[in-house]
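Q: Before I ask anything, let me first share the structure, which is written out below as structure tokens.
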Amino acid sequence: MKKTILVFGDSNTWGWNPNNDLVSPLVRWDDDVRWTGVMQKALGDDYVVLNEGLNGRTTVWDDPIEEYRCGKDQIIPALDIAAPIDLAMIFVGTNDLKVRYSVSAQDIANSAALILDKTLAQAGAFRNNTPKVLFICPPPLGPVENGVFGEMFKGNVEKSTHLAEFFKANADLRGVPFFDAGAYVHASDKDGLHMMDDQHKILGEALAAVVKQMDL
């Protein structure tokens, strides 16, 4: 029986190309370039990786400009649609760094942890009613002020560097495995927010190695 992995993420999971200029039609990295596709290839045919990435997805915030982006409201339907799954990866938090939310790094981690709690409580979505979750902290922002998202994330680069410590604390508190994406990859110099293709490859292969070591 194949192992099913649900990846609940934002635009870096969806596959946003940093060369997007917000004027031309959106360009998305191809399936085999996205880190989820890289991970799928590295894991092989015994696994199925479901990409549940959404551009602009927040943790708990209702975006007044980009509607229908609140991860807290979407996680249960996502789990139930994909069920039964063997592993859920929670990979959100970057969009909470937008100026419009004005929240601390600790608040962002705690908000992502609320999604983690909802996932752990939805035992029926997991095979054998045994929730297994990997809690992933997104990498820090890059030189975002140089790109099209400069005003949107203005002043929050330093804040983003503190996310990992609070994400890890929440994972440890709940006894779930933690992965710091920032220890492996970085945002592009192009927009300071999204990963280039080489970073997708690195992340996908790194997470495949983690999955292989898990008891699924």
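The values are calculated or read from the model by the stated rules, or taken from the named source; none is laboratory data. Being a predicted model, the structure only gives us computed values, none of them experimental. Quick reminder, even Gly has a Cβ in these numbers, built from the backbone with ideal geometry, and neighbours come from all protein chains shown.
Q: Taking only pairs six or more apart or across chains, which ones have beta-carbon atoms under 7 Å, a first residue in region 82-96 that is charged (D, E, K, R), and a second residue that is surrounded by 24 or more Cβ atoms within 10 Å (Cβ to Cβ) and in a strand (DSSP E or B)?
A: Pairs that qualify, where the first residue is charged (D, E, K, R) and the partner is surrounded by 24 or more Cβ atoms within 10 Å (Cβ to Cβ) and in a strand (DSSP E or B), are ASP86/ILE5; ASP96/THR58.
Q: When residues of region 81-109 are filtered for being part of a helix (DSSP H, G or I), hydrophobic (A, V, I, L, M, F, W, C) and surrounded by 21 or more Cβ atoms within 10 Å (Cβ to Cβ), how many remain?
A: In the first step, residues of region 81-109 are kept if they are part of a helix (DSSP H, G or I); the result is 81-82, 94-97, 105-109.
Pick out the ones that are also hydrophobic (A, V, I, L, M, F, W, C) and you get 81-82, 97, 105, 108-109.
Now restrict to residues that are surrounded by 21 or more Cβ atoms within 10 Å (Cβ to Cβ): 97, 105, 108-109.
The qualifying residues number 4.
Q: Here is a follow-up. For region 153-160, check the following and say yes or no: at least one residue is closer than 18 Å to LEU173 by Cα and of a type in the set (Phe, Trp, Tyr).
A: Within region 153-160, none of the residues are closer than 18 Å to LEU173 by Cα and of a type in the set (Phe, Trp, Tyr).
Q: Looking at ALA78, ALA112, which one is under 18 Å from ASP172 (Cβ atoms) and either of a type outside the set (Asp, Glu) or in a loop (DSSP other than H, G, I, E, B) (or both)?
A: On the way: ALA78 fails: under 18 Å from ASP172 (Cβ atoms).
Testing whether each residue is under 18 Å from ASP172 (Cβ atoms) and either of a type outside the set (Asp, Glu) or in a loop (DSSP other than H, G, I, E, B) (or both) leaves just ALA112.
Q: If you go through region 130-151 one residue at a time, do you hit one that is modelled with pLDDT under 95 and closer than 22 Å to GLU52 by Cα?
A: Looking for residues that are modelled with pLDDT under 95 and closer than 22 Å to GLU52 by Cα, one finds none in region 130-151, hence no.
Q: Would region 180-187 turn up any residue that is modelled with pLDDT of 95 or more, surrounded by 20 or more Cβ atoms within 10 Å (Cβ to Cβ) and of a type in the set (Ser, Thr, Tyr)?
A: Looking through region 180-187, none of the residues is modelled with pLDDT of 95 or more, surrounded by 20 or more Cβ atoms within 10 Å (Cβ to Cβ) and of a type in the set (Ser, Thr, Tyr).
Q: Looking only at region 187-202, which residues are part of a loop (DSSP other than H, G, I, E, B) and of a type in the set (S, T, N, Q)? I'd like the intermediate steps shown before the answer.
A: Quick first cut of region 187-202, residues part of a loop (DSSP other than H, G, I, E, B) only: 187-196.
Across region 187-202, the qualifying residue is only SER188.
Q: Scan region 188-216 for residues that are of a type in the set (D, E, K, R), crowded, with 16+ Cβ neighbours inside 10 Å and without any contact (Cβ under 8 Å) to a residue 40 or more places away in the chain and report the count.
A: 0
Q: Among ASN51, ASN20, ASN55, which is in a loop (DSSP other than H, G, I, E, B) and farther than 12 Å from ASN95 by Cβ?
A: Selected residue: ASN20, the only one of ASN51, ASN20, ASN55 that is in a loop (DSSP other than H, G, I, E, B) and farther than 12 Å from ASN95 by Cβ.
Q: If you go through region 163-178, how many residues are touching a residue at least 12 places away in the same chain (Cβ under 8 Å) and over 21 Å from ASP107 (Cβ atoms)?
A: 1
Q: What pairs come out if I take residues in region 123-138 that are in contact (Cβ under 8 Å) with a residue 24 or more places away in the chain and pair them with residues that are basic (Lys, Arg) whose C-beta lies under 9 Å away, six or more apart or interchain?
A: PHE126/LYS132; ARG127/LYS3; VAL133/ARG174; PHE135/LYS168; PHE135/ARG174; CYS137/LYS168
Q: Regarding region 154-163, can at least one residue be identified that is more than 27 Å from GLU66 (Cα to Cα), in contact with a strand residue (DSSP E or B) (Cβ under 8 Å, 6 or more places away or on another chain) and outside any loop (DSSP other than H, G, I, E, B)?
A: no
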